[in-house]
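Got a structure here, written out as structure tokens. Questions coming.
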Amino acid sequence: KAGVTQTPRYLIKTRGQQVTLSCSPISGHRSVSWYQQTPGQGLQFLFEYFSETQRNKGNFPGRFSGRQFSNSRSEMNVSTLELGDSALYLCASSKTGQMNTGELFFGEGSRLTVL
Amino acid sequence: GNSVTQMEGPVTLSEEAFLTINCTYTATGYPSLFWYVQYPGEGLQLLLKATKADDKGSNKGFEATYRKETTSFHLEKGSVQVSDSAVYFCALSDPGGATNKLIFGTGTLLAVQP
């Protein structure tokens with residue numbers, strides 16, 4: 001079956017612009033999480049959605065936002081881009097809402113470069 | 001707060017050598033523990049997991065045991081192959097369990113030479 005699909009795979013923006021990243025989870029998965037991966041900070045949790053509701057949010061400024069649609073697809077948005085937002089953004093989906101019974105399946109990521 | 005500490009890389013080994021990547025954690029309660037692997041140019045894949053103390057996770061010749069007394073989850077493999085070259089991440093889940101949030105270590109790059 002198809003894995004987690006993220007679009008776009010690569011994008012370049014300039015400071016002050018905004019960006020929207022999309023994630024299509026594995027069919028049947030209701031949970032979608034987003035992570036930011038950078039060489040300096042590693043993998044950091046952004047937020048998690050389950051059945052269209054944000055269940056958890058990481059320690060990121062309000063410029064980072066997300067949503068989940070009724071078909072479980074998710075988008076994240078970053079407004080007023082800063083140089084430090086350059087990163088690989090990873091989306092992960094899971095069938096269950098609990099990690100002790102589930103597994104996260106990751107997409108290949110969207111690599112954002114901010115100039 | 002909850003955190004994961006894993007050994008700095010890179011770790012460079014010859015093929016068929018024994019591998020250990022150390023991972024320790026700090027958490028309130030009883031989290032589940034995971035090892036994820038990221039091959040070049042790919043997303044993360046679950047390698048193995050353990051959900052309670054003394055559980056041993058295993059997959060593809062890799063093993064890790066959930067040690068509550070030492071708060072550790074070290075990854076081991078008896079004989080590494082060139083194809084094992086990747087970045088390995090140790091992670092823990094929120095001890096409450098009602099979330100898919102993971103806290104990751106910084107990752108350890110493993111390079112296996114033929």
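Please list the radius of gyration and Dmax for chain B, considering alpha-carbon atoms only, with Å as the unit.
Gyration radius and largest Cα-Cα distance of chain B: 13.6, 44 Å.
Which percent of Cα-Cα pairs in region A:24-81 sits in each 5 Å bin, short to long?
4, 19, 28, 24, 15, 7, 2, 0
Using the structure shown, list the pairs from A:Lys95/B:Lys56; A:Lys57/B:Lys101; A:Lys57/B:Lys49; B:Lys52/B:Lys101; A:Lys95/B:Lys49 with a Cα-Cα distance above 20 Å, or answer none. Each step should come with its number before you reach the end.
Numbers: A:Lys95/B:Lys56 23 Å; A:Lys57/B:Lys101 9 Å; A:Lys57/B:Lys49 24 Å; B:Lys52/B:Lys101 17 Å; A:Lys95/B:Lys49 16 Å.
Check vs 20 Å cut-off fails for A:Lys95/B:Lys56; A:Lys57/B:Lys49.
Under 5 Å between amide H atoms, partner at least 5 residues away or on a different chain: which partners does B:Asp55 have, H built in plane at 1.01 Å?
B:Tyr66
Can you classify chain A as rounded, prolate or oblate using the Cα gyration tensor, where a ≥ b ≥ c are the square roots of its eigenvalues, rounded means a/c under 1.5, and otherwise it's prolate if a/b beats b/c and oblate if not?
Because a/c hits 1.5 or more and a/b exceeds b/c, chain A counts as prolate.
Through the Karplus equation 6.51 cos²θ - 1.76 cosθ + 1.60, θ set to phi - 60°, convert the phi angles of region A:103-112 into ³J(HN,Hα) values in whole Hz; use x for Gly and Pro.
Those phi angles translate into 8, 8, 10, 9, x, 7, x, 10, 8, 9 Hz.
In peptide A:35-48, how many Cβ atoms from other protein chains are near each Cβ within 10 Å, on average? Intermediate results must be reported in sequence, preceding the final value.
Details: counts 4, 0, 6, 0, 2, 1, 1, 7, 11, 2, 7, 1, 1, 4.
If you average over the peptide's residues, the count of other-chain Cβ atoms is 3.
Mind ranking A:106-115, A:24-33, B:37-46 by how tightly packed they are, going by the mean number of other C-beta atoms within 10 angstrom, highest first?
Working: A:106-115: 18.9, A:24-33: 20.4, B:37-46: 16.3.
Result, highest mean first: A:24-33, A:106-115, B:37-46.
Per-residue HN-Hα couplings for region A:63-74, Karplus 6.51 cos²θ - 1.76 cosθ + 1.60 at θ = phi - 60°, whole Hz, x for Gly and Pro?
Result, ordered by residue: 5, 9, 9, x, 7, 10, 9, 5, 8, 6, 4, 10 Hz.
For B:Gln113 and A:Asn77, FRET efficiency with R0 = 41 Å and r from the beta-carbon atoms, rounded to 0.05?
After rounding to 0.05, the efficiency reads 0.40.
Could you derive backbone 3J(HN,Hα) for region B:35-45 from the dihedral phi with the Karplus parameters 6.51, -1.76 and 1.60 (θ = phi - 60°), listing whole Hz in sequence and x where the residue is Gly or Pro?
10, 10, 10, 10, 7, x, x, 10, x, 6, 10
Given Cα positions, please report Rg to Rh for the protein assembly as shown, the hydrodynamic radius being the Kirkwood one.
Here the Rg-to-Rh quotient is 0.97.
Highest mean first, how do B:62-75, B:7-20 rank when packing is the count of other Cβ atoms within 10 Å averaged over residues?
The most tightly packed comes first, giving B:62-75, B:7-20.
The numbers here are math on the coordinates, done by the rules we state, and not lab data. Predicted model, so just to flag it, every value in this text is computed and none were measured. Cβ sites come from the backbone with ideal geometry, for glycine too, and all protein chains shown count toward neighbours.
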